[in-house]
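Read through the structure below, which is laid out as structure tokens, and then see the notes.
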There are 2 protein chains.
Amino acid sequence: MYEAKVKIGLKKGVSDPEGANTLKALHLLGFNTVKEAKTNRTVDLLIDGKNKNEVKKKVEEMCQRLLTNPVIHTYEIKIIRK
Amino acid sequence: MYEAKVKIGLKKGVSDPEGANTLKALHLLGFNTVKEAKTNRTVDLLIDGKNKNEVKKKVEEMCQRLLTNPVIHTYEIKIIRK
């Protein structure tokens with residue numbers, strides 16, 4: 001069994017309104033030392049598979065077909081043996 | 001300058017409809033080896049501060065006041081010197 005951690009972020013130049021609003025709200029609450037805020041999504045999957053490489057390929061395919069929008073998202077995949 | 005990575009997840013027993021739907025969709029696409037899918041949110045902050053401990057305390061306060069809902073969320077904070 002493998003655990004796959006997929007971190008999904010936004011490509012450079014794509015606006016991140018959630019991050020911008022978080023930053024604004026933190027400033028309103030008085031946290032003025034915060035200079036930047038970015039939000040990401042992660043998806044943690046539990047997958048059956050023969051080996052790390054095979055699992056990574058599958059997850060790569062899932063990212064392209066469902067988990068991310070390749071026009072605006074970047075993603076990082078980490079596979080951990082369980 | 002410090003980078004704070006806050007990973008926000010759901011407490012045990014709190015339902016994760018986004019994860020459940022992701023799992024269902026992956027199965028519909030034929031990825032039957034996936035046994036579990038969980039979604040999390042991360043917030044990456046860039047913060048000015050004197051030392052790691054001070055920054056961590058600030059981020060802890062931000063989590064409690066804005067970033068998370070302590071009734072349903074768990075969070076992990078990682079501080080990295082930049």
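The values are calculated or read from the model by the stated rules, or taken from the named source; none is laboratory data. Here the structure is a predicted model, which is why all the values come from computation and not from measurement. Using ideal geometry, Cβ is built from the backbone for each residue, glycine included, and neighbour counts are taken over all protein chains shown. Accessible surface areas use protein heavy atoms only, side chains included; no ligands, DNA or RNA. Shrake-Rupley method; radii C 1.70, N 1.55, O 1.52, S 1.80 Å.
Note: relative contact order over chain B, using C-alpha pairs below 8 Å and six or more positions apart, is 53 percent. Building the convex hull from the alpha-carbon atoms of the range A:2-81 and averaging its projection over directions returns 6.5 nm².
Counting only other chains, what is the mean number of Cβ atoms within 10 angstrom of the Cβ of each residue in peptide B:61-69? Walk me through the numbers on the way to the answer.
Details: counts 3, 7, 0, 0, 5, 6, 5, 0, 0.
Mean shielding by partner chains, rounded to a whole number: 3.
Please report, as a whole percent, how much of the solvent-accessible surface of chain B comes from carbon and sulfur atoms (probe radius 1.4 Å). The C+S portion of the solvent-accessible surface of chain B is 52 percent. Each residue of the range B:71-80 is assigned a 3J(HN,Hα), and the resulting list reads 6, 10, 9, 10, 8, 10, 10, 10, 10, 10 Hz, derived from the Karplus form 6.51 cos²θ - 1.76 cosθ + 1.60 (θ = phi - 60°), x at Gly and Pro.
So, R0 is 25 Å and r is the distance between the beta-carbons of B:ILE72 and A:LYS24; what FRET efficiency does that work out to, to 0.05?
Details: r = 24 Å, r/R0 = 0.95.
Result of the calculation: an efficiency of 0.60.
Per the accessible-area calculation with a 1.4 Å probe, the total area buried between chain B and chain A rounds to 2900 Å². Taking the label point 7 Å along Cα→Cβ, A:GLU36 and its counterparts in the other copies are spaced 3.4 nm apart, in ascending order. According to the Cα-based calculation, Rg over Rh for the protein assembly as shown is 1.00, with Rh computed by the Kirkwood formula.
Compute the FRET efficiency between B:LYS82 and B:LYS35 as 1/(1 + (r/R0)^6), taking r as their Cβ-Cβ distance and R0 = 41 Å, and round to the nearest 0.05. Display every interim value, and only then the final one.
Numbers: r = 38 Å, r/R0 = 0.91.
So the FRET efficiency works out to roughly 0.65.
Across identical copies of the chain, A:ARG65 has label-point separations of 4.6 nm, listed in ascending order, with the point defined 7 angstrom from Cα along Cα→Cβ.
For B:GLU60 and B:ASP16, the difference between the fully extended length at 0.36 nm per residue and the C-alpha to C-alpha distance is 13.5 nm. Using the 1.4 Å probe convention, the accessible area of chain A works out to 60 Å² per residue with neighbouring protein chains retained.
Each copy carries B:SER15; placing its label point 7 Å along the C-beta direction from Cα gives inter-copy distances of 3.5 nm, listed from smallest up.
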